[in-house]
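Undergrad: What follows is a single structure, and I will ask about it in a moment.
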Amino acid sequence: MNTLALGPSWLDPDYLLNTFGLPGLLLIVFAESGLLIGFFLPGDSLLFTTGLLVTTGQLEYPLWLVCTLIAVAAIVGDQVGYLFGRKVGPALFKRPDSRLFKQENVEKAHEFFEKHGPKSLVLARFVPIVRTFTPIIAGVSRMNYRSFITYNIVGAILWGVGVTVLGAMLGKIDFVHEHIEMILILIVLISVVPIVVEVLRARSQGKKAAAAEAAANPDGPPAGPAPGQRGRHAKR
């Protein structure tokens, strides 16, 4: 099966699976779920392609085993991210930018976590970049560990198993095989929709707040009392 690389050739799901097989897949799921450097990995399209290759026999493992191992890798990845966040704490927000670390990504994940609460651990699984940093933010925020484990497991199953099974089911359809490039691009586009929506919403809210502030104070900041007036009040 030939797929269209959605970036460098070494990030193409078909290339990754043919080169590194199931162990490579599990390592990528683990890294994207809880390591700071895993945010750029093609999680969604990789899981979908995995299901498709299992169905066609190009990946010679039973689907139940692949799904189980993917869920475990995703759960363990988030667990590592959570423990890392608890250890690093607020210092994470002061870490300088580098080629593989952007403070902006941490802030986005923090806003996402603050907005959605514990359920963000489930929702973030379907949002690239955010899913890498959310478990870390949960650790920084000292989220209740029992709640974290619960949402971690639910999110890992819905995302890891769900997307893989979807690929396996659709992999039986000839149209999917004939248009796999288009399908993978569509998956990527759908996965980034939440990010685009949040960015547009934040900009809209910022403009509304600025407009409201301008309307409430059209003449600028109120002028303070004249020096002479301050002097008279002080004498009294």
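The values are calculated or read from the model by the stated rules, or taken from the named source; none is laboratory data. None of the values given here were measured: they were computed from a predicted structure. Positions of Cβ are backbone-derived with ideal geometry, glycine not excepted, and every protein chain shown enters the neighbour counts. In case anyone asks, the SASA skips ligands and DNA or RNA and just uses the protein heavy atoms, side chains included. Shrake-Rupley method; radii C 1.70, N 1.55, O 1.52, S 1.80 Å.
Undergrad: Suppose we keep only residues that are farther than 22 Å from Gly57 by Cα and open to solvent by less than 10 Å² (accessible area, probe 1.4 Å) within segment 1-42. Which one would you say is modelled with the lowest pLDDT?
TA: Looking at the filtered set, the residue picked out is Gly38.
Undergrad: Here is a list: Phe133, Phe126. Which entry is crowded, with 24+ Cβ neighbours inside 10 Å and at pLDDT below 85?
TA: Phe133
Undergrad: Filter segment 146-179 down to the residues that are farther than 23 Å from Val54 by Cα and surrounded by fewer than 13 Cβ atoms within 10 Å (Cβ to Cβ) and list them by number.
TA: Listed by number, the list holds a single entry, Arg146.
Undergrad: A further question follows. When you check Ala138 against the structure, is it under 25 Å from Leu46 (Cα atoms) and either buried (at least 17 other Cβ atoms within 10 Å of the Cβ) or modelled with pLDDT of 85 or more (or both), yes or no?
TA: no
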